[in-house]
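Heads up: the structure comes next, in structure tokens.
FYI, it's all coordinate maths here, none of it is from the lab. Because the structure is a prediction, the values reported are computed rather than measured. Cβ sites come from the backbone with ideal geometry, for glycine too, and all protein chains shown count toward neighbours.
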Amino acid sequence: MKSNNTGKGRRDFLKNAGAGGLSLAALTTAPFREQIAYATQNVRTDSHPSELRITDMRVCSVLRTPIIRIYTNQGLIGHGDVRDIGDHRYALMLKSRILGENPCNVEKIFRIIKQFGYHGRQGGGVSGVETALWDLAGKAYGVPVYQLLGGKYRDLVRIYCDTTSSSDPQEFANRLKERVDRGYTALKMDVGIGLIADIPGTLVNAEFWQNQPGGMSIWNRIPGSYSNTDHPFTRVQVTEKGIEKFVEFFAVMRETIGYEIPVGVDHLGHFGVNEAIKLCRAMEPYTMAYAEDLIPWYYTDMWRDITESTTTPTLTGEDIYLLDGFKELLDKRAVNMIHPDPVGDGGLLETKKIGDYAEQKGITMMMHHASSPVSLMAATHVAAATQNFSWLEHHFVDLEWYDDLVTGIEKPIVQDGYIKVPEKPGIGVELNEEVVRERMDRPPDNPNAPNHATGFFEPTPEWDEVRSWDRIWS
């Protein structure tokens, strides 16, 4: 009976308040104080969005991913990632351009800073700031980011995971099977020509690149410098014996896990269009989900030649900045799928725009991701809000403490191959500061090794002042 009377009281309160029928005396009585508390329980008193202002930006690096933190005058903080192995200064140089701005004006601020991004890791600063702005806007208005992007199409986001490689095809297949046993429903395997480079008679012209100055991407495993040479200019070729050894990885993989699980292939090596077509055709009997980044993304016409010459789906996009960078690929239908990284392509709204534009062309959007859980969860919001989304990458499946870096969500983050879309305001997670302090990047013992250390969100006053005239027209 008490609950019924309370419910009646609430209805009467709202009715009388709407009619202007409550006196000051009535408002001071205990029953009506209870009703006022009930009616205003969801009103945020700690944030006034129209008066919110950015007061500071700092950074801390974990997993070679700079995590930026934007502070405000109302105590709200927002987080975002600079893309993995990116320079934290890509973000800090933007600080002087955004101080004093209202972070809820995301598009306005994005227009101010987007000129300072570019393709590859250079887009990480703009993307990280943009992500932190959405985190702040969601917290200020008390809604999850996906709602600010237009609402969601799905409650669960499908994850695909990379797999550590092996030169032994059966061992490689066993590692993929272990992923399946853990509940993942989409996989990727890094099968490059580097895995066959030690077998005589498999490659032509690879030896030419030995003993040349420079480094080689570790996943290609061919000595020499052509990792920094555009693919068409290496003139590396794969022989018939090389093709036979190459496809053995796919044959054993399918024998081990079957055909129900989609499996893509990445990091194939640096070679020209002819070899790309040759390898893609060789994959066709094994129904690979896609062949990724066969050549640099900006060779649009070459991509179209490859795509039109094989039934193996083609995929690229993780290094492209802004929708404008994708448009030619999409307009010419040069690839079958696109693969933007929201930590480098301009941020969350830009990724949504990329997906929407691809949808108009009938092309699926996957998402690349190899950064911290902050941007993994941010990407989950974009995935939820984009209709033609398929899979989101999780790059740290084997890192036991990865999930511990954040709080506020159910663990493990990935369950049965899916991430549940957060419902809390903003991105939906906060940093576990104790774990971040323990795991943050520190200066390497080798003075010649890359240094990603930044300390734990140390003050950055040296970035407070604008030192240039940024306008790009006269």
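Computed log10 I(q)/I(0) for the range 315-474 at 0.09, 0.11, 0.16 Å⁻¹: -0.40, -0.58, -1.04, from the Debye equation with unit scatterers placed on every C-alpha and solvent omitted.
How much of the DSSP beta bridge set in the chain is antiparallel, as a percent to the nearest 5?
Bridges in the chain are about 55 percent antiparallel.
Summarising the label geometry, the points placed 7 Å from Cα in the beta-carbon direction at Tyr259 and Tyr153 lie 2.7 nm from one another. Net charge dipole, the chain: roughly 1860 debye, given to the nearest 20, about the Cα centre with Cβ charges of +1 for Lys and Arg and -1 for Asp and Glu. Note on the range 406-458: Rg/Rh from C-alpha atoms, Kirkwood Rh, equals 1.13.
Using only Cα atoms, locate the centre of the range 365-429 and the centre of the range 255-329, then give the distance between them in Å, rounded to an integer. Result: 25 Å between the Cα centres.
Using R0 = 41 Å, the C-beta based FRET efficiency linking Glu248 and Val143 works out to 0.20. Evaluated at q = 0.13 Å⁻¹, a Debye calculation over the C-alpha positions of the chain (equal weights, vacuum) places log10 I(q)/I(0) at -1.23. Rounded to the nearest 10 degrees, the angle from helix 322-331 to the longest Cα principal axis of the chain is 50 degrees. Ranking of Met302, Met57 by neighbouring Cβ atoms within 10 Å, starting from the fewest: Met302, Met57. Exposure here means at most 13 other Cβ atoms within 10 Å; with GluC sites (Glu not before Pro) in a DSSP loop as sites, the longest stretch of the chain lacking them is 1-259. Each of Ile427, Gly355, Ile193 was scored by the projection of its Cα onto the charge dipole of the chain, and the greatest displacement toward the positive side belongs to Ile427; charges sit on the C-beta of Lys, Arg, Asp and Glu. Between the listed residues Val406, Ala384, Tyr418, the Cα displaced farthest toward the positive end of the dipole of the range 375-432, a dipole computed from Cβ unit charges relative to the Cα centre, is found at Ala384.
The order of Thr316, Thr185, Thr307, going from fewest to most other C-beta atoms within 10 Å of their C-beta, is Thr185, Thr307, Thr316. Given R0 = 56 Å, the distance between the Cβ atoms of Phe233 and Ser50 translates into a calculated FRET efficiency of 0.55. A simple charge model with +1 on the Cβ of Lys and Arg, -1 on the Cβ of Asp and Glu and nothing else charged puts the dipole of the range 156-430 at about 380 debye relative to its Cα centre. Each of Thr310, Thr287, Thr234, Thr386 was scored by other Cβ atoms within 10 Å of its Cβ. Listed from fewest to most, they are Thr287, Thr310, Thr234, Thr386.
Other residues within the sphere of radius under 10 Å centred on the Cβ of Ile67, judged by their own Cβ, net out at +1 (K and R +1, D and E -1).
Here the range 156-430 is treated as a Stokes sphere of Kirkwood radius computed over C-alpha pairs; at 25 °C and 0.890 mPa s its diffusion coefficient rounds to 127 µm²/s.
Projecting the Cα atoms of Gln115, Leu136, Gly151 onto the dipole axis of the range 49-177, where Lys and Arg carry +1 and Asp and Glu carry -1 at the beta carbon, places Gln115 farthest toward the positive end.
In the chain, the DSSP-assigned H stretches of four residues or longer account for a calculated mean residue ellipticity at 222 nm of -10000 deg cm²/dmol, using -39500 (n - 2.57) per stretch and the full residue count as denominator.
Could you tell me how many degrees, from 0 to 90 and to the nearest 10, lie between the Cα long axis of helix 273-283 and the main elongation axis, the longest principal axis, of the Cα atoms of the chain? Result, in degrees: 80. By how many nm would the segment from Glu433 to Asn451 lengthen if fully extended, with 0.36 nm per residue of separation less the alpha-carbon distance? Roughly 4.4 nm would be gained on extension. Electrostatic bookkeeping for Glu350 treats Lys and Arg as +1 and Asp and Glu as -1; over the other residues with beta carbon under 9 Å from its beta carbon, the sum is +1. Please compute the net charge surrounding Arg121, taking Lys and Arg as +1 and Asp and Glu as -1 over other residues with Cβ under 13 Å from its Cβ. Surrounding charge for Arg121 is -4.
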